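> This structure is in structure tokens; I'll ask about it shortly.
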Amino acid sequence: MPIRLLAIAALACLAAASALAAPTAKTSICGQVKHGPKATYTSLLLGKKISGTTWTVFATGVQCSSARKAAPPILKWWAKAKIESSGTVAGFSCNKESDAHGSAGSAGCTPLHGKPLANIELIMTGSMSIAQLKALFGG
């Protein structure tokens, strides 16, 4: 899911959780995979093309240790999957998400057995460091 859509989805999830008076889940930046598959896509949040092999692992309602463990097999699947396709990988149901310009730079995954609204997102973030991403997302 492009970063802008990720932010919109996260806000929608938080609003839904608040409406149900349930505790809200915090999205964490769990780390980076430095040598994942190469991706080039248009970031809606930044409004520019990003290219590289560094992927950032985000988790909401999923422990970072589980998200980091699942990242390598998910990225292996992502490299072979067609854009907008789905698959079951490492205990998650995943989608290879389009940037709406015919490319992809992310995978959105929900645990097969887990809490409602729990998910992990693997986004190719290029040369952006975790500190830069935290500044961008206010974390």
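What follows draws every value from the coordinates through simple rules; no lab data is involved. Bear in mind the structure is a predicted one, so any value in this text is a computation, not a measurement. Ideal geometry is used to build each Cβ from the backbone, glycine not excepted, and the neighbour counts take in all protein chains shown.
> Add +1 for every Lys or Arg and -1 for every Asp or Glu among the other residues with Cβ under 14 Å from the Cβ of Q32, and state the total. Spell out each step's value before the answer.
On the way: positive: K34, R68, K134; negative: E121.
Value of the local net charge: +2.
> Roughly how big is the stretch 59-139's charge dipole about its Cα centre, with Cβ charges of +1 (Lys, Arg) and -1 (Asp, Glu), in debye to the nearest 20?
Details: 8 positive and 4 negative charges, 57 e Å.
The calculation lands at about 280 debye.
> Can I ask one more? Can you pull out the trypsin sites (Lys or Arg not before Pro) in the stretch 17-115 whose DSSP state is coil and whose Cβ has at most 11 other Cβ atoms within 10 Å?
Answer in residue order: K26, K34, K38, K82.
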